[in-house]
Each structure stands twice: as C-alpha cells, then as structure tokens.
Amino acid sequence: MLGGYKIEGRRAAEIAASVERAVGAGELEPGQLLPPMRELAVELGVNPNTVAAAYRTLRERGVIETDGRRGSRVRSKPATTGREAIRVDVPAGVRDVANGNPNVGLLPSLAKAFAAAAEHHDREPVLYGDAAVEPELARLARAALDADGVPDGPVQVACGSLDVIERVLAVHLKPGDTVAVEDPGWGSLLDLVPAVGLRTVPVGVDDEGPLPDDVRRALVAGARALVVTDRAQNPTGAAVSAARARALRSVLKEHPDVLLIEDDHGHGIVDLPLHPLAGTTRSWAFVRSAAKAYGPDLRLAVFTGDAVTVDRVRGRQRLGPGWVSRVGQRALARLWADGAVDPKVVAGAYGVRRNALIAALAERGVAAHGRSGMNVWIPVPDETGAVARLLHAGWAVAPGARFRMGAAPGIRVTVSTLTEQETVRLAEAVAAAVGTGAGPVRGFV
C-alpha cells in the first residue's frame, strides 16, 4: 500500500508528522492510499483513536482526504508539497515564459521614495504604540477605493494579497468549512485554503470572471466563503465585466452570510474599469497589492472591508507581526502620490503583448485567452505533452496543473517581456506542440 515507506510514531502528532514528512519528500505520492486506521493502530501498537486524531490533523492541514469506505489517501495536490513544485526547470538557452513576473522595465524606481521615507523616519521614528497604518497611505487608498465604487470601510495594511486572504479566512471560518475558489485559479490560493484546514470547491471561470451558476451551486451546497479576482486573473487574464458583476451580486444577495473576498492585485497594471462586488454580503474584504505594479519585493497590500472583519484582522495582526513597516508604507504612499506608475502605459504595454500572442495563435488555429494582465491561458488536449514539446522547442511554459482543480488542461504563458519577433516564433511552437482546434465554450473547463 505504501511501497517501501513505513509510518512511524506513538502519538498523534508524531504519526501525522511522519506522513507529512513523507509527502513532502515524495516518498508518499499524490493519490496514494493510506492504511485503514485500525490496521495502522495495530501495526504501531497504539489506540485507534490516536491514529484517527493523526488523520484528522492531516486532513485539516490539507495533506490527505477521506472518502468514506474508500479510505484516506494523499491529496492529488497536497498542501505539504505546494503547487510551486509543479514547475518546469528552465535549462540554459531555453526562453522562460512561465515565471509570472512583471517586466522590470515597467517597474518604477523605488530609490527616491524610500530615501524620503527613511529621512522621515529619522526625524520621527515609529515606536511601539504608534498607529499601524500610515495616515497618508490610508488617505490615498481610501480615495482610490471611493473612485472605484468600493464601499466605505476602514483601511488596513498587510504583507501582500495572500496575507490578507489568509487572515480574513482565519477570523471568520473554522477548520472543515468550504471556500469557493476560481478554477483555474491562483495556485498559491489553491494551496493556502487546504493548508489552513479549509476545503475548496471549484467555480468555473470565463473571460468575464466566475460563472454565476457555478457560484450559486457552490453557495447552495454550503460554501462559507467566496474568493474572486476582479481583474488580471491568474492564470486566465479574466476580468469581471459589468454584466457579470450584476449577475454575481444577484447570486450573493441570496446568501448574505457568505464571506466575500475580492482580490484586485491587478490594480495599477490594468486599464479595464473595476466592477466591485463588495458590500453585497454582510462580511467582506477587498484587497489591493503593490506587487505587480511596483515589484514583488514591495510586500505591501492595502485592504478594506466591513468594520467587524477589519477589526478582527487588526487584532490578529497586533498579536503577531504587530504592524507592517511604516517606512515601506510611506514609500508606497510617495509612489502613489507622485504617480510613479501610469496604469494606462503599463496596461497598454502588457495588452499589446497579450493581444499579439492571442492573434498569432488564432491565425494558427489555436484558441487562447487573456483579457487583462500579463498572462495568456491556452487550453490544450495534453498538458504534459505540450509542456514537454515546448521545452524541447526552446520555450518553458507554466503547466496548467499549478492552477487547476477540475478544469480542463491548459498552459500559461507570461507575456510581460515577449518581443514582437518572439511572439511569432512562440505561436508557431505552440501550434506545433498542441495542434489546432476550437477552445472550450463554457468557461475554462
């Protein structure tokens, strides 16, 4: 059943750690069946309740899943390993269009903003007990949110979008609750949800965002939370349209107790209007990250939400990191105030590259998607084969398995640094690797 691996331990924590360690090391593979609890208890010489507690811990951590009489098995995408492990090693001489990084030529210089923030710190150091949020950053953030129609709410700061999402889920949900997530969707989020003891239910996506019927089914089935990417959805480039927002609001009004989390990480790199869903349910959070527009190492995100949600997150932050560096906050405020990033310029640069690749693929009979952001999603019949053939042809693309639950196979191409000449060569390579044919009609499923 387990090949050559032997589960060890006398206490529940030791047994769980033994299994988790083996999954992380690849000694227990995704889908591998674990011994029945009573059988493992006899083998280890412990009470069956001890093994049951260990398996429960592993389920809550997203390492295993249990299917009644069919037993417990390692999850197909265990949180222990993470989807980042599903990547292509890029050999020398191979063009990397898998990394998801922004074009460094479109990132602003941070030197002056951080120098000014540091000088301010020298004059007025932030000390314990001072406000956690830089007032000017909060003012600028709230003004931008108001302009985009995001409901009024307090502004708080965290270390990136995923940090906000994790904290908001933690203050509202309990282990075992279900979260509706986009499929295909952000691989890190698909890892995070089971890693904190929550269950995921997939919601299909098309170019205009989550499919309303899928959202309704997930909420009727008992999902306690829904996570939506407003624009520049990773990996598909979807952006919630005005019509889709109306349809989703209608669904959410039927479930006012659902926790809604909106991720607008594309703010600053897209020129499509925002159509927020926030405020449709009692509990909600809306987050904007600086990573894509100002660089991944500027680990800052501002978020707002209903007063209870923001207050709960603020309380948890006080018990952990305390606050996010006010020096970094002041620097971001300076960048925003100075207009260091022009969304139209950046969105235009990415849009030219996306549209050129999609058009070049269409000319060769290959359907592709990318309404916003820096990625293009290409449905393929054989994901593994396509990735391997493209690698042989000199192109490293991201396997769709990093972003999928039940959605159909695909590959993701990051276009942020593609040149005009490379676009044609890449389109030819993709067409040769995947063949031609129409893409799916109903979402990316």
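The values are calculated or read from the model by the stated rules, or taken from the named source; none is laboratory data. Model, not experiment: these values are computed from the prediction. Here Cβ is always computed from backbone atoms with ideal geometry, including for glycine, and neighbour counts include all displayed protein chains.
Residue count for segment 349-374 under the criterion of being among the aliphatic types (A, V, I, L, M), surrounded by 15 or more Cβ atoms within 10 Å (Cβ to Cβ) and part of a helix (DSSP H, G or I): the result is 6. Could you tell me whether segment 297-320 includes any residue that is farther than 30 Å from ALA225 by Cα, of a type in the set (A, V, I, L, M) and more than 20 Å from the chain's Cα centre (by Cα)? No; the residues of segment 297-320 include none that is farther than 30 Å from ALA225 by Cα, of a type in the set (A, V, I, L, M) and more than 20 Å from the chain's Cα centre (by Cα). The number of residues in segment 16-49 being within 20 Å of GLU65 (Cβ to Cβ) and either acidic (Asp, Glu) or not assigned by TED's automatic domain parsing to the domain that holds ASP67 (or both) comes to 4. Between residues in segment 373-400 that are without any contact (Cβ under 8 Å) to a residue 24 or more places away in the chain and residues that are part of a strand (DSSP E or B) and of a type outside the set (Phe, Trp, Tyr), which pairs lie under 8 Å by C-beta distance while being six or more apart or on different chains? Listed pairs, sorted by first residue: THR384/PRO399. The residues in segment 319-370 that are out of contact with any strand residue (DSSP E or B) (no Cβ under 8 Å at 6 or more places or on another chain) and under 30 Å from GLY129 (Cα atoms) can be counted, and the count is 17. When restricted to residues that are part of a helix (DSSP H, G or I), of a type in the set (Val, Ile, Thr) and buried (at least 19 other Cβ atoms within 10 Å of the Cβ), segment 376-420 contains 1.
Put simply, of ALA98, ALA170 the only residue that is among the hydrophobic types (A, V, I, L, M, F, W, C), assigned by TED's automatic domain parsing to the domain that holds THR417 and in contact (Cβ under 8 Å) with a residue 24 or more places away in the chain is ALA98. Between ARG299, ARG288, ARG316, ARG282, the distinction of being of a type in the set (Lys, Arg) and touching a His at 6+ places or on another chain (Cβ under 8 Å) belongs to ARG288 only.
In segment 211-225, the count of residues that are crowded, with 20+ Cβ neighbours inside 10 Å, closer than 24 Å to VAL376 by Cβ and not assigned by TED's automatic domain parsing to the domain that holds VAL63 is one or more. Taking the options VAL168, VAL193, name whichever one is at pLDDT below 95, part of a helix (DSSP H, G or I) and of a type in the set (A, V, I, L, M). Residue meeting the stated conditions: VAL193. The residue list ARG21, ARG38 contains one member that is assigned to a helix (DSSP H, G or I) and over 22 Å from PRO194 (Cα atoms), which is ARG38.
Here is a yes/no grid of residues against (1) at pLDDT below 95; (2) aliphatic (A, V, I, L, M):
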site	(1), (2)
PRO108	no, no
ARG142	no, no
VAL157	no, yes
GLY197	yes, no
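Residues that are buried (at least 16 other Cβ atoms within 10 Å of the Cβ) and more than 13 Å from GLY176 (Cβ to Cβ) within segment 59-70 comprise VAL63, ILE64, listed in sequence order.
A single entry from THR419, THR436 fulfils the requirement of being modelled with pLDDT of 90 or more and not hydrophobic (A, V, I, L, M, F, W, C): THR419. Please tell me if THR423 is among the hydroxyl-bearing types (Ser, Thr, Tyr), surrounded by fewer than 24 Cβ atoms within 10 Å (Cβ to Cβ) and over 21 Å from ASN234 (Cβ atoms). Criteria not met by THR423. The residues of segment 316-338 that are of a type in the set (Gly, Ala, Ser) and modelled with pLDDT of 95 or more, listed by number, are SER325, GLY328, ALA331, ALA333, ALA337.
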